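Engineer: Questions regarding the structure given below will be posed in turn.
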Amino acid sequence: MKNKKLSHEFDYYVLLFFSLAFIGWLWEVALYFFTEHALINRGVYRGPYLPVYGVGGLLLCILFHSLRSKPLLVFGASALLCSVLEYLTSYFLERRWGIRWWDYSNHLFNISGRICLTGALIFGAGGAALVCVFLPLYEKIYLKVHKKWRIGICIVLLALFVADGCYCAMRPNVGYGISSS
């Protein structure tokens with residue numbers, strides 16, 4: 001299959017963002033459940049999504065779509081890009097609210113506790129799986145859903161996300177298992 005330039009309508013990207021943000025949220029909740037044995041809604045927002053995963057995933061899909069047939073290259077580029085995004089996000093959140101939502105200080109090869117080698121390797125593997133496996137599957141599912149339904153779902157998701165964002169700008173999701181001062 002020949003790689004084409006990735007260009008779609010707005011709803012394609014909105015639904016992809018929310019799919020990836022939800023998968024990221026599931027990953028974080030499951031990871032915390034299996035390591036700490038507690039169900040915790042991870043992240044700044046109250047809804048079941050982590051925007052940093054949505055943004056990172058969109059960037060990976062847009063930038064590396066043409067590299068689908070080169071998973072090792074996608075792995076390395078994803079590890080680097082996601083680590084930079086994670087570092088900048090951590091820095092912004094801490095500057096904005098004076099709170100850390102994650103801290104890798106106890107991990108080997110960390111930078112200021114904001115990123116670490118283990119996280120970079122996981123992001124690399126996730127990015128390769130996203131671009132090389134998930135994105136083709138997402139595209140097939142996307143095309144099977146009627147455009148009116150896609151637009152309706154986008155409107156609902158965006159409205160909930162904006163409302164959640166406004167609320168959490170004043171009262172971010174914090175507490176045990178979520179953040180540390």
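Engineer: What is the extension gain from ARG46 to SER112, computed as 0.36 nm multiplied by their sequence separation minus the C-alpha to C-alpha distance, in nm to one decimal? It would help to have the intermediate numbers written out before the result.
Structural biologist: On the way: separation 66, 0.36 × 66 = 23.76 nm, distance 2.67 nm.
Result for the pair: 21.1 nm of gain on full extension.
Engineer: Now a separate question. Using the Cβ atoms and a cut-off under 9 Å, what net charge is assigned to the surroundings of ASP11, where Lys and Arg are +1 and Asp and Glu are -1?
Structural biologist: Counting the neighbours of ASP11, the net charge comes to +1.
Engineer: Now for a different question. For region 79-123, what class follows from the C-alpha gyration tensor (a ≥ b ≥ c being the square roots of its eigenvalues): rounded when a/c is under 1.5, otherwise prolate if a/b is larger than b/c, else oblate?
Structural biologist: Oblate is the answer for region 79-123, as a/c is 1.5 or above yet b/c matches or exceeds a/b.
Engineer: Something else: From the helices alone, meaning DSSP H stretches of at least four residues, give me the mean residue ellipticity at 222 nm for the chain, per-run term -39500 (n - 2.57), in deg cm²/dmol to the nearest 500.
Structural biologist: Rounded to the nearest 500, it is -21500 deg cm²/dmol.
Engineer: Now, a different point. What's the longest uninterrupted piece of the chain once you rule out the chymotrypsin sites (Phe, Trp or Tyr not before Pro) that are loop residues per DSSP with at most 15 other Cβ within 10 Å?
Structural biologist: In the chain, the maximal stretch lacking such sites is 1-108.
Engineer: With N set to the residue count of the chain, report its C-alpha Rg divided by 2.2 N^0.38 Å to two decimal places.
Structural biologist: Expressed relative to 2.2 N^0.38 Å, the Cα Rg reads 1.06.
Engineer: Follow-up. Along region 9-25, what does the Karplus equation 6.51 cos²θ - 1.76 cosθ + 1.60 (θ = phi - 60°) give for ³J(HN,Hα), rounded to whole Hz, x for Gly and Pro?
Structural biologist: 6, 3, 4, 4, 6, 5, 5, 5, 4, 5, 4, 6, 5, 6, 4, x, 5
Engineer: Taking the Cβ of ILE151 as the center, what net charge do the other residues with Cβ under 13 Å away carry, scoring Lys and Arg +1 and Asp and Glu -1?
Structural biologist: In short, +1.
Engineer: Measuring with a 1.4 Å probe in the full set of protein chains, what accessible area per residue, in whole Å², belongs to the chain?
Structural biologist: 60
Engineer: Related question: Give me the mean projected area, in nm² to one decimal, of the convex hull enclosing the Cα positions of region 11-98.
Structural biologist: Working: hull surface 27.6 nm².
For region 11-98, averaging the hull's shadow over all directions gives 6.9 nm².
Engineer: Quick one: 3J(HN,Hα) in Hz for region 60-74, Karplus 6.51/-1.76/1.60 with θ = phi - 60°, rounded, Gly and Pro as x.
Structural biologist: In residue order, the calculated couplings are 4, 5, 6, 6, 10, 3, 6, 9, 3, 7, 10, x, 5, 5, 4 Hz.
Engineer: Taking the Cβ-Cβ separation of ILE151 and LEU121 as r and a Förster radius of 41 Å, what is the calculated FRET efficiency to the nearest 0.05? Write down the numbers at each step before the final one.
Structural biologist: Details: r = 38 Å, r/R0 = 0.93.
It comes out at approximately 0.60.
Engineer: With a ≥ b ≥ c taken as the square roots of the eigenvalues of the C-alpha gyration tensor of region 94-180, please select rounded if a/c is under 1.5 and otherwise prolate if a/b is larger than b/c or oblate if it is not?
Structural biologist: Taking the square roots of the gyration eigenvalues as a ≥ b ≥ c, region 94-180 is oblate.
Engineer: Quick one: among ARG42, ARG96, ARG171, which has the greatest mean-square fluctuation in a GNM of the chain with alpha-carbon springs under 10 angstrom?
Structural biologist: The residue that fluctuates most here is ARG96.
Engineer: Decide, for region 116-157, between rounded, prolate and oblate: order the square roots of the alpha carbon gyration tensor eigenvalues as a ≥ b ≥ c, take rounded if a/c falls under 1.5, and otherwise choose prolate if a/b is larger than b/c, else oblate.
Structural biologist: Oblate.
Engineer: Determine the sum of side-chain charges near VAL29: Lys and Arg each +1, Asp and Glu each -1, restricted to other residues whose C-beta is under 15 angstrom from that of VAL29.
Structural biologist: For residues surrounding VAL29, the net value is 0.
Engineer: While we're looking at this one, here's another question. Could you work out how far the C-alpha centroid of region 108-152 sits from that of region 40-86, in angstrom?
Structural biologist: 5
The values are calculated or read from the model by the stated rules, or taken from the named source; none is laboratory data. All values reported here derive from a predicted model rather than from experimental measurement. Cβ atoms come from the backbone with ideal geometry, glycine included; neighbour counts cover every protein chain shown. For the accessible areas, the whole protein counts, side chains as well, though only heavy atoms, and no ligand, DNA or RNA atoms are used. Shrake-Rupley method; radii C 1.70, N 1.55, O 1.52, S 1.80 Å.
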